Amino acid sequence: MNLILSINLLRRDWRAGEWRVLFIALVLAVGSISTVGLFADRVRLALQQEASSLLGADLRIVATHSLPPAYRIEAQQRGLSVVEGAVFPSMVAHEEKNVLAEIQAVEDGYPLRGKIEIDDGLSSPARGKGVMDSTQALGNSSVVVSAIPVQGSLWADARLMQRMGLQLGDGVNIGALHLRLAARIVRDVDQSVGFASFAPRVLINAADLPASGLIQEGSRINYRMLFAGEAAQIADFRDWLQQRLTVGERLEGVRDARPEIRVALERAEHFLGLAALTAALLAGVALALAARNFVNRHLDACAMMRCLGATQAQILRIFLIQFLLLGLFAVMLGGLFGYTVQAALVQSIATMREAALPSPGWMPLWQAAASGFALLLGFTFLPLWQLKSVTPLRVIRRELGTPEASTGLLYATGGAVLCGLFLWQAGSLKLGLIVLAGLAGGLLLFGGLAWVAVRALAKFGGHAFANMARHGRSNALQIVALSLGGTALLLLTFVRADLMENWRGRLPPDAPNYFIVNIQSDQRHALNDFFTQRKIPAPKLLPMVRGRLIAINQRAVSGQDYAAPRARSLIEREFNLSWSENLPAGNELVQGKWWNTPTLAKGRAGEGFVLSVEEGIAQTLGIRLGDSLTYDVADSQFSAQVVNLRKVQWDSMQVNFFVIAAPGMLENFSASYLTSFYLPADKTHVGDALIKTFPNLLLVDTRAVIEQVRHIIDQIAQAMSAVFLFTLLSGLAVLYAALLATQDERIHHTAILRTLGADSRYLRKLHLTEFAALGALSGLFAATGATLLGWALARYVLEIPYHPSILPWPVAMSSGMMIVMLVGWLVTRRVVKMSPLRVLQSV
């Protein structure tokens, strides 16, 4: 019976337009969240795939011993692609020359992600004997290959060829192997940006490895097993592997292996999470206003049903069923809307279409549906609870308003729903908490300021301002609602543009794209002269000493003391130690003080050696401020106290160190120097000349990583620009709902004024004045809120500098006035033209 009555009432209210605002708000809520979720899911998957191309796989195991076949069998049973290989240092000999190189032996199918670009000296797409599998021509001789060298041949990078004077077709010896140089590696995958291995690279077929005679007891070989597959499969398999890894084995994804890409991906996800949070926020505001308007319009109907014998429980069930039915229909329509729009969006953007983004999963749609129902019930259940408490006496006493309800409980329920959605949609606890704190602070601050401003305007005189002051509470609520919508829109326009520009500024066009390693002390002046002669700014040379951490607080440590694979690998390897008088650029102190401060400098002189440690590695190894670290450098040991922790900008492409010592500690150890510098595209020949002039130097090309980071930034900029269109619709829904929420009150006020003789021109001027004041105040608060929230996001989440623009204030205030006046006029234009009798009849 309740279901039939609910359906009938739903049909009646639908024809009367009572559900219009609520339905539109919910469809836009689910549509916005699903669009953002689906689009973000596709972009995230694409970015992960592109980043994985730099690793050569989605996941890999690196070990100092041969890996058990069970790993490969399990991966293949799960439907994953698997290849194995080995990496080791070895001398490469040609005639009378010998050079230490990094040999990588791979099997057919490598790489699983990304492509290798080679130059085999052929001008036609037809390939020679040194290449197997398919190729794609890039130019005269450079090609992208899905291949590995055939047995009996090798590929080498330009550094090896330059140092040894090699030409394509020459023979070289690696151990007992005699191989033919079949191609030059132009661009490789799976190339570390760190300083663990800087030797020239050689790629050989794994089938040649046993005959080399290099696999012996004590050989420094790293065995690798690479995996690729669907994201869910990789995640499940990674969990399976984590429980079975033994000593000397570690897992690496693109985030683990490359700090630059990891930081860029994390910031990209934060930007997309911000867009999802904005959609959820606007949806909640629109639903809250629409629910309030719905309750006010159904007070008389509830009073009539109470007179006819309906119980409070029946009324609650009737309206709750209506809301659930409407919610089901709106959620389905919103999900379909979101899926269709994101597909059209991808096709409409050329770069997205060419990128062939992977299909999204179903999870964003389920999340959008759950978010829609959570918003619906969170913001409408308590108002429905008010409807069941309507007294039958209202039938004869229309002055009885909405039944009293716990306002605090209403706000708490809505706030709890938003909190849950924020933390869920953000993907980052830090991001969610910052936006929540900003929202709560903005509600309290702007609500109070709005009430004070409305009361203050009444002192200027005028019927419009006096009327605003009489309804100060409702107008303050309306200003806050409009401000929240405006804040969200500004955050995704002006503030987003500032944040993106500041993020791009972290990686300027002249960011270092080459590293030079193994510079000897007696080569520093000659190297500076080399750059000066070629009119290239001489880079700053930084000292480096290799040392192994052997004790923390005089307690010996080893890899077996740590469960985390990354911690074990850090302990088992040598650190690159450096020293500096001043805090390096791109580093920020998070704990402690730098040693050039007077107090610490005095303490250092009297108490011994001091160190600065990067906060990430300190957290991984359990190092705290004040701990004593002992290092072994070339069989000599020293101990020093940790006096500060630093945050490092790993994506700056500058030379950075995990551990930095104070001057006077490491100068007596044998040190080499390294640096990074920018080399324009038209001067790449300088790199060749550098190697010829200084054969011992190792030149590391990081252009591929820089291109990848810039591509991630550009992709996110496009994604955020597109998502703004849907957030704009949600913001307009908030504006529409906020104005409709006070429509009945304005009609009642208009009826009184028309009865007292006010004409249409006077009423129109009165309304436009109120709307202009509401819009200006909303714009002022929106610009302030967006700027403050942008600063908080830049400072505590994205960790980038933020320089706010003055532009949002005038734009927000003028736009707020015009938009609110326009929409307000559209809502009230019918009322001001009605005769007094019709106005009174409509009240």
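Under a 5 Å amide H cut-off, with hydrogens placed 1.01 Å from N, residue 610 pairs with 641, 662 among residues at least 5 apart or on other chains. When the surface is traced with a 1.4 Å probe over the full set of protein chains, residue 534 keeps roughly 80 Å² accessible. Backbone geometry of the stretch 536-543 corresponds, through the Karplus equation with coefficients 6.51, -1.76 and 1.60 at θ = phi - 60°, to 3J(HN,Hα) couplings of 10, x, 5, x, 6, 8, 10, x Hz, x marking Gly and Pro.
Between the alpha-carbon centres of the stretch 160-190 and the stretch 639-669 there is a gap of 37 Å. Between residue 553 and residue 591, the contour length at 0.36 nm per residue exceeds the alpha carbon distance by 11.8 nm.
Between residue 806 and residue 534, the FRET efficiency estimated from the beta carbon spacing at R0 = 45 angstrom works out to 0.55. Modelled label positions at residue 574 and residue 670, each set 7 Å beyond Cα in the direction of Cβ, lie 0.9 nm from each other. Listed cross-link partners 115/683; 115/647; 647/683 are compared with a 27 Å cut-off, the Cα-Cα value being larger for 115/647; 647/683. The listed residues 35, 693 rank as 693, 35 when sorted by accessible area, largest first, using a 1.4 Å probe. Annotation: residue 419 carries an accessible surface of approximately 50 Å², with a 1.4 Å probe and no ligand, DNA or RNA atoms counted. Listed peptides 226-234, 148-156 appear in the order 148-156, 226-234 once ranked by packing, highest mean of other Cβ atoms within 10 Å at the front.
The packing ranking, built from the mean of other Cβ atoms within 10 Å per residue, places the peptides 245-251, 87-93 in the order 87-93, 245-251, highest first.
Spin-label pair residue 363-residue 510: with each label point 7 Å from Cα along the Cα-Cβ axis, the two points sit 4.4 nm from one another.
Take 628, 371, 558, 359 and sort them by solvent-accessible surface of the protein heavy atoms, 1.4 Å probe, largest at the top.
On the way: 628 25, 371 0, 558 45, 359 95 Å².
Correct descending sequence by accessible area is 359, 558, 628, 371.
Less than 5 angstrom separates the built amide H of residue 186 from those of 117, 118, 119, all sequence-distant by 5 or more or on a different chain.
Can you tell me how much longer the chain between residue 456 and residue 65 gets when fully stretched, taken as 0.36 nm per residue apart minus their C-alpha distance, in nm with one decimal? Numbers along the way, then the final one.
On the way: separation 391, 0.36 × 391 = 140.76 nm, distance 7.70 nm.
Additional length available on full extension: 133.1 nm.
Looking at this model, which pairs from 97/540; 535/692; 540/692 are more than 29 angstrom apart at the alpha-carbon?
Working: 97/540 32 Å; 535/692 18 Å; 540/692 21 Å.
Check vs 29 Å cut-off fails for 97/540.
For the stretch 173-183, backbone phi angles converted through the Karplus equation (6.51, -1.76, 1.60; θ = phi - 60°) give residue-by-residue couplings of 10, 10, x, 8, 8, 10, 10, 9, 6, 9, 7 Hz, Gly and Pro being listed as x. Sequentially through the stretch 517-526, phi angles give Karplus couplings (6.51, -1.76, 1.60; θ = phi - 60°) of 10, 6, 7, 8, 4, 7, 9, 5, 5, 5 Hz, Gly and Pro residues having no value and appearing as x.
Note on residue 8 and residue 689: the model spin-label points, each 7 Å out from Cα along the C-beta direction, lie 9.3 nm apart. Once the Cβ-Cβ distance of residue 235 and residue 624 is raised to the sixth power relative to R0 = 30 Å, the FRET efficiency obtained is 0.40.
Distance from the alpha carbon centroid of the stretch 522-557 to that of the stretch 776-821 works out to 44 angstrom.
Once you charge only the Cβ atoms, +1 for Lys and Arg and -1 for Asp and Glu, what is the size of the charge dipole of the stretch 541-693 about its Cα centre, to the nearest 20 debye? Mind showing how you got there, number by number?
On the way: 14 positive and 15 negative charges, 36 e Å.
Approximately 180 debye in magnitude.
In the assembled protein chains, residue 11 presents an accessible area of approximately 140 Å² (probe radius 1.4 Å). Summarising the amide proton neighbourhood of residue 646: residues at separation of 5 or more, or on other chains, whose placed amide H is nearer than 5 Å comprise 590, 613, 614, 615. Applying 1/(1 + (r/R0)^6) with R0 = 25 Å to the Cβ-Cβ distance of residue 445 and residue 424 gives a FRET efficiency near 0.45.
The residues 647, 765, 535, sorted by heavy-atom accessible surface at 1.4 Å with ligands and nucleic acids left out, run 535, 765, 647 from largest to smallest.
The values are calculated or read from the model by the stated rules, or taken from the named source; none is laboratory data. No experiment lies behind these values; they were computed from the predicted model shown. FYI the Cβ positions are ideal-geometry reconstructions off the backbone, even for glycines, and counts take in every protein chain you see. The protein model used for the area step is the full one, side chains on, heavy atoms only, and it has no ligands, DNA or RNA in it. Shrake-Rupley method; radii C 1.70, N 1.55, O 1.52, S 1.80 Å.
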